[in-house]
Amino acid sequence: MPQVELSEETIERLDALRTEDESYEELVSELISIYEAEGLTLARGGDESA
């Protein structure tokens, strides 16, 4: 798995979002899923209005 360097500010923001037993990997996967789902929603919304 690739390694990613994060700023202290980013780590603090991730810490604020994590639940007690949630790993960073789980949190990032969840955030990516949300991003992808919203991206698909926006793409579909754009297609309908075209």
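Quick one: Karplus J couplings for the range 25-35, per residue in order, coefficients 6.51, -1.76, 1.60, θ = phi - 60°, nearest Hz, x for Gly and Pro?
Result, rounded to whole Hz: 4, 5, 5, 5, 4, 5, 5, 5, 4, 5, 4.
For VAL4 and GLU26, calculate 0.36 nm times their separation in residues minus their Cα-Cα distance, and state this gained length in nm to one decimal.
Using 0.36 nm per residue and subtracting the Cα-Cα distance, I get 6.4 nm.
Throughout, read-outs are computed from the coordinates displayed, never taken from laboratory work. None of the values given here were measured: they were computed from a predicted structure.
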